[in-house]
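Okay, so here's the structure we're looking at.
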Amino acid sequence: MTLLVTGSAGHLGEGLMRTLRARGIQARGVDIAHSPWTDRVGSIVDRGFVDRCMDGVTGVLHTATLHKPHVATHPAQAFIDTNVGGTLRLLESACAHGVGAFVFTSTTSVSGDALVPADGAPEDLCRLAQRNHGLPVVVLRTSRFFPEPDDDPARRAGIEDANLKANELLYRRVDLQDVVDAHLLALARAPSLGFERLIVSATTPFLREDATALRHAAADVVARRVPGASAAYEAAGWTLPAAIDRVYDNARARALLGWMPRHGFTDALARLREGRSIGSALAHAVGIKGYHGDAWRDGVYPVTACKDAS
């Protein structure tokens, strides 16, 4: 068995490669960037490169993408070429080589401005590959797992980064180790699932009936749903969120994949009480990567074109 991991120099790609190699599973990492976890350097837009990489592969974990950190630094065509064209190249090659399963890393942001993907978007290409060619595909819509500071200066102001990330585990963040586990389970379950779209986020303590109260009294809801959270936060000098506007529910992913995320808000609370940093060993091992190798006035990546001249 040989697995192909695209984006192997990135956070998730490295996490997958570290885990697969540790388990003795043959894995082929590909990326446009050199790294200790990249076996072949090249672009997924290059059909010849993709076909060469796909030879002998039994499963694909496709994490390579341009995303929010690249919006202000890359033209729209680059997003189309990589996210759509590159995904199409991989799907076509996987079908031609008789690959047994394909996992595509998407994002919960698909559920934000667009409740369903636009026609021709990568998720639609995945569905067509399964419908027309029988390639088992699971799309995993992951919530935030990058360790970099938040891109919004207003959100960063006045709150410790670990506090902010722990808060997000309540509703829109997930630990890297749990994302890796979900991907490997999805690869194993894909043949029986055929095609699925699943949300990968930390398990929320909230219920549907909490939605209205979360918008204006989130701290009160947390205190009710997670006994002891308020006291632990007070002791640490941390702040619970005042308002939460959306909550990602991972119930279907847990049910269909047999996935059990271990590093959610409850784990963060336990680590806070014990004076340990939040997050899994894998998340800490991969660490902060940055995105561009440049300094930016507003943080680790620009929201608008604002490169620091210094």
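The values are calculated or read from the model by the stated rules, or taken from the named source; none is laboratory data. These numbers come from a predicted model, not from an experiment. Don't worry about glycine lacking a Cβ; one is built from the backbone with ideal geometry, like all the others, and counts go over all protein chains shown.
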For this session: Quick one: count up the residues across the range 248-265 that are over 20 Å from residue 195 (Cβ atoms) and crowded, with 16+ Cβ neighbours inside 10 Å.
Result: 5
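Give the residues of the range 1-20 that are more than 24 Å from residue 51 (Cβ to Cβ) and not acidic (Asp, Glu), sorted by residue number. Can you show your working first?
Kept after step one, since they are more than 24 Å from residue 51 (Cβ to Cβ), are these residues of the range 1-20: 11, 14-15, 18-19.
11, 15, 18, 19 - these are the residues of the range 1-20 that are more than 24 Å from residue 51 (Cβ to Cβ) and not acidic (Asp, Glu).
Scanning for something hydroxyl-bearing (Ser, Thr, Tyr) and either surrounded by 20 or more Cβ atoms within 10 Å (Cβ to Cβ) or part of a loop (DSSP other than H, G, I, E, B) (or both), does the range 186-203 turn up at least one residue? If you could, list the steps in order and put the result at the bottom.
Residues of the range 186-203 hydroxyl-bearing (Ser, Thr, Tyr): 192, 201, 203.
So of that shortlist, the ones also either surrounded by 20 or more Cβ atoms within 10 Å (Cβ to Cβ) or part of a loop (DSSP other than H, G, I, E, B) (or both) come out as 201, 203.
Yes: the range 186-203 contains one or more residues that are hydroxyl-bearing (Ser, Thr, Tyr) and either surrounded by 20 or more Cβ atoms within 10 Å (Cβ to Cβ) or part of a loop (DSSP other than H, G, I, E, B) (or both).
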For this session: Only residues that are more than 10 Å from residue 170 (Cβ to Cβ) and β-branched (Val, Ile, Thr): list them for the range 204-237, please.
Result: 212
Exercise. Is there a residue being under 20 Å from residue 219 (Cβ atoms) and either in contact with a Gly (Cβ under 8 Å, 6 or more places away or on another chain) or among the polar types (S, T, N, Q) (or both) anywhere in the range 172-187?
Worked result: no
Problem set entry | Given (1) closer than 30 Å to residue 136 by Cβ; (2) not in a helix (DSSP H, G or I), index of the condition residue 181 fails | (2)
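Going by the conditions given, is residue 65 crowded, with 18+ Cβ neighbours inside 10 Å, under 21 Å from residue 188 (Cα atoms) and at pLDDT below 95? So that I can check it myself, show each step before the final result.
Values: crowded, with 18+ Cβ neighbours inside 10 Å: yes; under 21 Å from residue 188 (Cα atoms): no; at pLDDT below 95: yes.
No.
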